[in-house]
Amino acid sequence: MNSPVVTLRGMRQDEYENYTARRDLEYVQSLAETMPAEAAMEKAREDRARFVKRL
């Protein structure tokens, strides 16, 4: 039995933008379950900025 071959590659810019937009939306929706939507959006922005700064 042959094992499948997986090849990894870097994301293209458009793929990265789509992925991060989707991830950010899901994160905001998750936060909005326990806080007002505007506060959830602000927290998501702050968390993303903190994460990117650490990279």
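The values are calculated or read from the model by the stated rules, or taken from the named source; none is laboratory data. Model, not experiment: these values are computed from the prediction. Quick note on the areas: whole protein, heavy atoms, side chains included, nothing else; ligands and nucleic acids left out. Shrake-Rupley method; radii C 1.70, N 1.55, O 1.52, S 1.80 Å.
It is to be established whether one or more residues within the range 38-54 are open to solvent by 90 Å² or more (accessible area, probe 1.4 Å) and small (Gly, Ala, Ser).
No: the range 38-54 contains no residue that is open to solvent by 90 Å² or more (accessible area, probe 1.4 Å) and small (Gly, Ala, Ser).
Identify, please: which residue in the range 1-23 is in a loop (DSSP other than H, G, I, E, B) and open to solvent by less than 100 Å² (accessible area, probe 1.4 Å) and is, among those, modelled with the lowest pLDDT?
It comes out as 3.
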